[in-house]
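This report concerns only the one structure given below.
Since every read-out is calculated from the coordinates, none of them should be taken as a lab result. None of these values were measured; they are calculated from a predicted model. Cβ atoms come from the backbone with ideal geometry, glycine included; neighbour counts cover every protein chain shown.
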Amino acid sequence: MPLSTEQLLHLYRQMVRIRRFEEKVNQLFLEGVMPGTLHLYIGQEACAVGVCEALQQTDWITSTHRPHGHAIAKGVSMDSLMAELFGKTTGCCGGYGGSMHVGDPAVGSLTAIAIVGGNTPVASGMALGFKLQKTGQVVCCFMGDGAVNEGAFHEGVNMAAIWDLPVVFICENNKYGASTPVEQVVKLEKLADRAHGYGIPGVTVDGMDVLAVHEAIAPAVERARSGGGPTFVECETYRFIGHSRSDTRGYRSREEEAEWKARDPIARLAAQLKESEQATDEALTAIAAAVEEELEQAVAFARESPARAPEDCLRHVFTEEGAH
Ligand SMILES: Cc1ncc(C[n+]2csc(CCOP(=O)(O)OP(=O)(O)O)c2C)c(N)n1
Ligand SMILES: [Mg+2]
């Protein structure tokens with residue numbers, strides 16, 4: 001069924017929220033205001049939003065070292081996310097996690113796992129729990145192209161396949177695992193072909209088109225929910241900026257970057273909305289303005305929140321003396 005205007009505007013708003021969050025965070029980081037390190041999601045917004053819009057609040061996602069977009073799309077509040085990046089007590093992990101471990105169980109966003117491929121068996125384990133308890137919940141497991149060569153990926157996907165677990169594997173193929181081009185480490189043209197080795201369906205979609213992502217994920221989620229087992233969905237996408245802060249992008253050309261930037265998922269949906277007369281420029285500007293307000297509020301909230309005290313550092317940590 002085609003999405004309503006209201007749903008399309010929601011997809012647009014969600015992508016703008018992620019984009020602006022990331023741009024703001026990058027700025028704060030470069031100003032030296034924000035501690036830690038960052039892997040930004042700019043360019044890949046259609047993947048997180050297209051996937052999470054096909055999920056219910058009670059469904060779950062697992063995420064990676066590039067998790068902000070996934071968390072926002074699943075419903076983690078910008079306030080708690082921003083506070084987490086500032087290491088504040090009001091952060092979604094109480095300031096203990098930082099950028100690479102964000103999440104909030106209250107909205108079905110498992111604390112992100114930064115070990116490449118590490119979330120695949122965890123997602124399958126969660127899906128096994130849901131199946132045994134007959135809860136009807138589904139897990140969507142986000143991963144990068146780098147994950148498909150990890151042993152954990154093999155074990156996690158295979159287990160989900162043989163037991164028909166309610167999980168959808170979403171591989172965001174952004175063409176590089178840090179500086180390594182995917183074609184140097186995978187012989188297949190489509191990563192989705194890996195799925196055949198596990199006896200599950202594999203599909204490749206345009207990850208720069210939020211509607212295409214949503215269209216591919218929705219049936220995969222319903223298939224998983226109704227006991228049909230897992231699907232592997234490859235989203236072809238691109239991160240517009242470096243892998244992390246220190247990346248000077250010497251492994252790819254500016255021309256290649258420009259080609260992908262011309263496929264910006266936000267500009268694309270904006271153009272579609274205007275062409276179909278479902279939104280005016282003014283309406284889209286109003287969405288952007290509301291997002292700006294939310295963002296400013298999140299930064300103020302994070303800045304004003306109390307910092308994690310040094311004496312709390314060992315809390316939740318197991319040492320020789322036991323749990324703290
Ligand atoms: C098991 C493991 N090996 C190495 C790393 C270091 N590392 C962090 S991100 C990354 C690249 C991951 O590439 P990909 O899965 O394609 O995700 P992307 O960064 O492109 O989103 C690597 C090698 C890690 N976190 N975990
Ligand atoms: Mg990658």
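From zero up to wherever the largest Cα-Cα distance of segment 1-106 sits, split into 5 Å bins and tell me the percent of pairs in each. Over segment 1-106, the share of Cα pairs per 5 Å bin runs 2, 13, 23, 25, 18, 10, 5, 2, 1, 0 percent. If you bin all the Cα-Cα distances of segment 5-306 at 10 Å, starting from zero, the percentages per bin are 7, 29, 36, 23, 5, 0.
About the Cα centre of the chain, how large is the charge dipole given +1 on each Lys and Arg Cβ and -1 on each Asp and Glu Cβ? Please answer in debye to the nearest 20. Can you show the working numbers first?
Values: 28 positive and 43 negative charges, 101 e Å.
Computed about the Cα centre, the dipole is about 480 debye.
What the phi angles of segment 101-118 give under the Karplus curve with 6.51, -1.76 and 1.60, with θ = phi - 60°, is a coupling list of 10, 6, x, 7, x, 4, 10, x, 10, 5, 3, 4, 10, 8, 7, 4, x, x Hz, glycine and proline written as x. DSSP beta bridges fully contained in the chain are about 20 percent antiparallel.
Pairs of Cα atoms under 8 Å, at least six residues apart: use those to get the relative contact order of segment 5-306, whole percent.
On the way: 611 pairs, mean separation 67.4, N = 302.
After rounding, I find 22 percent.
For the chain, the mean residue ellipticity at 222 nm estimated from helices alone is -13500 deg cm²/dmol, where every DSSP H run of n ≥ 4 contributes -39500 (n - 2.57) and the total is divided by all residues, rounded to the nearest 500. Between Glu304 and Glu292, the distance separating the two model label sites (each 7 Å from Cα on the Cα→Cβ line) works out to 2.1 nm.
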